[in-house]
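The values are calculated or read from the model by the stated rules, or taken from the named source; none is laboratory data. The model shown is predicted, which means the values in this text are computed figures rather than measured ones. Cβ placement follows ideal geometry from the backbone for every residue including glycine, while neighbour counts extend to all protein chains displayed.
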Amino acid sequence: MSSRAHNVSAQLPIPVDALISPGTDVRESRLGLVSVSSRLRGNCHGVAKVALSEICLSYRAQSGERLLALDHINFEVKTGEFVCVVGPSGCGKSTLLHLIAGLHPQTSGQILVHGKPIQGTGTDRIMIFQEHALFPWLTVGQNVEFGMKMKGIGKPEREEKIHYYLHLVHLAKFKDSYIHQLSGGMRQRVAIARALATEPDVLLMDEPFAALDAQTRDLLHDELERIWSETGRTIIFVTHNVREAVRLGDRVVLLTFRPGRIKSEFPVGLPRPRHLEDPHVARAAREVLDELRDEINRSLEVEYNEGAKPRVEAGLKAGMRA
Amino acid sequence: MKRAARFFIFYAALFGLWTLLAGLKVWPPYLFPTPWGVGEALYAGFKDHSYFIAIRVSMQRVLIGYGISVVLGMILGLGVASNKFLEETMGGLLVSLQSLPSICWWPLALLWFGLNQNAILFVVVMGSLLSVTLAMEDGRKQMPKIFGQAGRNLGASGFKLFWYVLLPASLPFIVSGLKQGWAFAWRSLITAEMLYLSLGLGQVLMMGRDLNDMSAVIAVMVLIIAIGYLVDGIVFRGMERHLQNRWGLTSAT
């Protein structure tokens, strides 16, 4: 189903800058190819789902000096929007998600969800971690159930939702399996089901597919796009992979390296469903990557000079590609 | 099959050597009993129900004492692991206290609780509390942080977070400490029971000495070893295997 749509768009002789130039709503001008998100956009009432204003985060390094990790971050995410945050490893993009999730307090600034400042964690914002965040002592079904159980939802309703969300990610047969019995891709689908089951307003995804092989990742992209269009959730998706960001996002936000600042934003007007190998996606990704190149180089330079790398992402930066 | 054969040969040789030494009568039989003498003592002890009573009393005590240790130790360990002040102050104290044999608490226990069961329980708790505490502290630190984050993110906090996330997440890391705590509790109990008329296995052991009946002494020693081994083998090995299966920690068999 996806191949036909992207074949059509691939044959269109549209210059790249027309596809991603800021402010142009390309979808409307594209031969009636309307992306899934525009339907959802219609429902939004002008109130930003998530609004970050003047977010700063600093921490004391081991040497004793204060380091600025995030520097005056301002951005808004609309209801039902799929926003990807991209930046070199160590730019603080994961940290930004932790702040929105309320797992860590920011040094200054305000995070509003639906107009109200957040107070710590909340089940309106559920995070999907890179890997290993499912509970190995619970079955797949119990993992999906966990958030609802904490919320105090009754057993019959929980059962119903476990069933529904496991079906949504095509894992109904694995309800009673344990996590270690699943492949990496299946685990991330369980994580998605677990997150959705608490019915959050916002899904926060922290490089959820980074540890997966390419084929699995492609499949999960398709699946995530489908789930997003079926459930209408707002998604903030962090990745170091520019092509992934362009393939998935309505908008791509670029972060700079140390301190993390917003460098620029690219609306991605490509029609959905998209495909990673779509030449338009590739070209749009190249544009973004050009913009990001300085930051990546700076991050690599710092890492090589520092020698030791404090983050696990070290091995992944080599995979940064257009 | 081979393993069973080796097992059999080893124990047959051991019994043979024992029988031989006893048969040579180098030492009088009341100092060096024969294997069948010990067997008879065991049979007699179970027949007149005195061993059943002793085992029941001792098991009851060790379960209460060990239970208290596990609950207290988990709270203490969690506190030490999650509070920098406690870690810096109490952490060192806990480690240094571990070098103290638990029976050193006996005089204090006598004065505080009197000559009764509570004194014994106190010694049992002091014997196993430290290993459980240190195991819990260590387990809490080794436990991947992401479980706590995911739990909080999904709406767990306070006691729910501890009970549904932190505790199960740290179990694989504390099970060996719990096992060690059990061994310490069992040893402390027998030691304390030997020191006064307590009805437990320790007292039955001392009774053998008082009656100059080495067969009975060795019979009770065999019982103490057997119970310790059984609990370790059934409860803790079972728990470890269960956790390994759940977490998928088993290497390919």
- Message: Among the residues in region B:217-239, are any within 14 Å of chain A (Cβ to nearest Cβ) and in contact with a Lys or Arg (Cβ under 9 Å, 6 or more places away or on another chain)?
- Response: yes
- Out of region B:240-253, which residues are at pLDDT 85 or above and more than 12 Å from chain A (Cβ to nearest Cβ)? B:Glu240, B:Arg241
- Quick check: is even one residue across region B:160-168 without any contact (Cβ under 8 Å) to a residue 60 or more places away in the chain, within 26 Å of B:Glu240 (Cβ to Cβ) and of a type in the set (D, E, K, R)? no
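Let's see how each residue does on (1) modelled with pLDDT of 80 or more; (2) among the charged types (D, E, K, R); (3) touching a Ser or Thr at 6+ places or on another chain (Cβ under 8 Å); (4) surrounded by fewer than 14 Cβ atoms within 10 Å (Cβ to Cβ):
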site	(1), (2), (3), (4)
A:Val26	no, no, no, no
A:Ser38	no, no, no, no
A:Ser63	no, no, no, yes
A:Arg66	no, yes, yes, yes
A:Phe82	yes, no, yes, no
- Query: When A:Leu112 is evaluated against the numbered criteria (1) at pLDDT 85 or above; (2) more than 9 Å from chain B (Cβ to nearest Cβ); (3) surrounded by 16 or more Cβ atoms within 10 Å (Cβ to Cβ), which criterion, by number, is the only one it fails?
  - Reply: (1)
- Going through region B:71-118 in order, the residues found to be closer than 19 Å to B:Ile190 by Cα, of a type in the set (A, V, I, L, M), in contact (Cβ under 8 Å) with a residue 12 or more places away in the chain and in contact with a helix residue (DSSP H, G or I) (Cβ under 7 Å, 6 or more places away or on another chain) are B:Ile103, B:Ala109
- Out of the residues in region A:250-265 that are more than 20 Å from A:Leu67 (Cα to Cα) and among the charged types (D, E, K, R), which is surrounded by the fewest Cβ atoms within 10 Å (Cβ to Cβ)? A:Glu265
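Which residue, of B:Ser157, B:Ser99, B:Ser176, is hydroxyl-bearing (Ser, Thr, Tyr) and within 14 Å of another protein chain (Cβ to nearest Cβ)?
Sole residue among the options that is hydroxyl-bearing (Ser, Thr, Tyr) and within 14 Å of another protein chain (Cβ to nearest Cβ): B:Ser157.
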- Task: Look at region A:123-142 and say how many of its residues are β-branched (Val, Ile, Thr), in contact with a strand residue (DSSP E or B) (Cβ under 8 Å, 6 or more places away or on another chain) and either within 9 Å of another protein chain (Cβ to nearest Cβ) or assigned to a strand (DSSP E or B) (or both).
- Result: 3
- Query: Here is a list of conditions, (1) within 21 Å of A:Ile100 (Cα to Cα); (2) surrounded by 17 or more Cβ atoms within 10 Å (Cβ to Cβ), and A:Val268 meets all of them except one; can you say which number that is?
  - Reply: (1)
- Pick from region A:143-165 the residues that are surrounded by fewer than 18 Cβ atoms within 10 Å (Cβ to Cβ) and away from every other protein chain (no Cβ under 13 Å): which of them is nearest to the chain's Cα centre (by Cα)? A:Tyr164
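Every residue, every condition in (1) in a helix (DSSP H, G or I); (2) at pLDDT below 85; (3) among the β-branched types (Val, Ile, Thr); (4) over 15 Å from B:Met74 (Cα atoms), yes or no:
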position	(1), (2), (3), (4)
B:Leu134	yes, no, no, no
B:Asp138	yes, no, no, no
B:Phe147	yes, no, no, yes
B:Gly151	yes, no, no, yes
B:Leu161	yes, no, no, no
B:Val165	yes, no, yes, no
B:Ala169	yes, no, no, no
B:Pro172	yes, no, no, no
B:Gly177	yes, no, no, no
- For region A:168-282, which strands (runs of 3 or more DSSP E) that fit wholly inside it have 1 or more residues that are closer than 30 Å to A:Arg158 by Cα and modelled with pLDDT under 85? none
- Query: Looking at region B:182-194, is at least one residue within 14 Å of chain A (Cβ to nearest Cβ) and part of a helix (DSSP H, G or I)?
  - Reply: no
- Task: Residue by residue through region A:128-142, note down the ones that are under 23 Å from the mean Cα position of the chain (by Cα) and polar (S, T, N, Q).
- Result: A:Gln130
